[in-house]
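Please treat every number below as a calculation from the coordinates, not as lab data. On a predicted model such as this, the values are computed, not experimentally measured, just so you know. Cβ atoms come from the backbone with ideal geometry, glycine included; neighbour counts cover every protein chain shown.
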Amino acid sequence: MYNSKSMKAEEFICHEEIEDTLAFADENRNNKEMIRQILDKARECKGLSHREASVLLACEDPEVLDEMEALAREIKKKFYGNRIVLFAPLYLSNYCVNGCVYCPYHHQNGHIPRKKLTQEEIRQEVIALQDMGHKRLAIETGEDPVNNPIEYVLESIKTIYSIQHKNGAIRRVNVNIAATTVENYRKLKEAGIGTYILFQETYHKESYEQLHPTGPKHDYAYHTEAMDRAMEGGIDDVGLGVLFGLELYRYEFAGLLMHAEHLEAVHGVGPHTISVPRIKRADDIDPDTFDNGISDEIFAKLCALIRISVPYTGMIISTRESQQVRAKVIDLGVSQISGGSRTSVGGYTEELRPTDTEQFDVSDQRTLDEVVRWLMETKHIPSFCTACYRAGRTGDRFMSLCKSGQIQNCCHPNALITLKEFLEDYASAETRAIGERMIKEELLNIPKEQVRKITEEYLVKIGQGERDFR
Ligand code: SAM
């Protein structure tokens, strides 16, 4: 029998069920009664199944679309408020043995320089990121057991956490490296990583095998079951994602939600985050050769539907997207964005944005200060908070906090405190002025008086030079 609990991820997220889901969605795309019931269920904030959500995705009625988007905004506000967490990617090495046809780091690409940062170079990169104000990083490498073995990744994480620069250290290191063994995931857990992120790229097995013709990543089952191994190794915050543009978006959307259902059924906790990358131009890669690219409108619809289908899962958007697209999807459900990113190995210590080792074109090229200011001008609170992870509130403990509705008494003050640190230490005068006004106004939105008072005390202490309250 089809049972998410007893099946492996690869068996559960199977082609037949996805095809059947898409046919069901097509049949019911104009079924007003069913759509009404699904929207009513979504309004209870308990999420939707892949079948239900796929019906909404197939529906093209503009009124229903408006209602979905309004609901996504409401759910976003309820669980995440107006806070946006900021992070930056840090590329350690572009050595790679895989043949992913959409990625410039693919093994056969002979005209990009291959580069791997030494521990000293990592130090310099991290200091450059800290000088911008970053507290949360996502490290990225190609897959290469000789040049980037797990020991290199572990040593790099240790280096990153050890750098005390000006006002403290990087507080959370998320990791986006290729699928690996339970033993290696255990080592990553012991090294103190935050979220383990791995994009599925595509859930369409046949396409997956064609898109990854050579190298260890060719193994679809091994890749698809990576999150189960990560959880077995003790990592309870995992981040899913597909690379939109490779396959039909409705197929990917159903696969993504099934993956989330699988994790919830087997491990008792769904994904911590979902990323929504779209394929971009890069060296040796022309996105036009992938004919499944999606419009900005469909992209926004997908983001809204992810928000209402998995209300407790954070959503991440990178600088692959332009300012305009980011503005739209932030309101529809995105909770984390990168800022001031460079996607090249060693890019942060260069004066000008290097392009020779870049993984993809960066659309949003603003500085972190500009992104922070823009967020505040559009009524969002930029947050550098890492408190949950540091207090051990990961996996189901984070989900409980989210579900309890206590986020406004917990995450809201933390966002204001970490924003204040940013304003004091890194912001331009203009950003600082806007930020100080925002903090004053947003203090009033902390529901509990006692929490508000403590927050005010912390803000005063930060003004006097204290940092990093725990
Ligand atoms: N090497 C690791 C792996 O195999 O999963 C992960 C690191 S890779 C640097 C991060 C992600 O970048 C990939 O999972 C892929 O989805 C994305 N990516 C690769 N090429 C891209 C492109 N041309 N445009 C946008 N994103 C791309």
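Can you find, among Y312, I439, G245, the residue sitting farthest towards the positive end of the charge dipole of the chain, where Lys and Arg contribute +1 and Asp and Glu -1 at Cβ? Of the options given, the answer is I439.
Computed from backbone phi, the HN-Hα couplings of the stretch 130-140 come to 5, 5, 7, x, 6, 10, 9, 10, 10, 8, 10 Hz, rounded to whole numbers (Karplus: 6.51 cos²θ - 1.76 cosθ + 1.60, θ = phi - 60°; Gly and Pro given as x).
Restricted to Cα atoms, the stretch 22-163 shows a radius of gyration and a Dmax of 22.8, 62 angstrom. Annotation: the stretch 329-456 has a Kirkwood hydrodynamic radius of 16.5 angstrom, from the mean reciprocal C-alpha pair distance. Remark on A138: its backbone amide H falls under 5 Å from those of A88, L90, N174, a criterion applied only to residues 5 or more positions apart or on other chains, H modelled at 1.01 Å from N. Remark on I197: its backbone amide H falls under 5 Å from those of V175, N176, I177, G239, a criterion applied only to residues 5 or more positions apart or on other chains, H modelled at 1.01 Å from N.
Each of L198, Q119, Y222 was scored by the projection of its Cα onto the charge dipole of the stretch 86-230, and the greatest displacement toward the positive side belongs to Q119; charges sit on the C-beta of Lys, Arg, Asp and Glu. Computed from backbone phi, the HN-Hα couplings of the stretch 36-45 come to 4, 4, 5, 5, 5, 5, 4, 5, 6, 6 Hz, rounded to whole numbers (Karplus: 6.51 cos²θ - 1.76 cosθ + 1.60, θ = phi - 60°; Gly and Pro given as x).
Please compute the Kirkwood hydrodynamic radius over the chain, one decimal place, Å, based on all pairs of different Cα atoms.
On the way: mean 1/r = 0.0442 Å⁻¹.
That comes to 22.6 Å for the chain.
From least to most packed, judged by other beta carbons within 10 angstrom and beginning with the fewest, R320, R281 follow the order R281, R320. Taking θ as phi - 60° and the Karplus parameters 6.51, -1.76 and 1.60, the scalar couplings of the stretch 335-347 work out to 10, 9, 9, 8, x, x, 6, 10, 9, 10, 6, x, x Hz in sequence order, x denoting glycine and proline. By the Cβ distance rule of under 4.7 Å, the chain has these cysteines without a partner: C14, C45, C59, C96, C303, C385, C388, C402, C410, C411.
Residue order for Y91, Y161, fewest other beta carbons within 10 angstrom first, comes to Y161, Y91.
If amide hydrogens are placed 1.01 Å from N in the peptide plane, which non-local residues have theirs closer than 5 Å to the one on E321? Those qualifying (amide H under 5 Å, at least 5 residues apart or on another chain) are S363, D364.
When E351, E441, E121 are sorted by how many other C-beta atoms sit within 10 angstrom of their C-beta, beginning with the fewest, the order is E351, E441, E121. Spatially, the stretch 456-470 and the stretch 37-102 are offset by 35 Å when compared through their Cα centroids.
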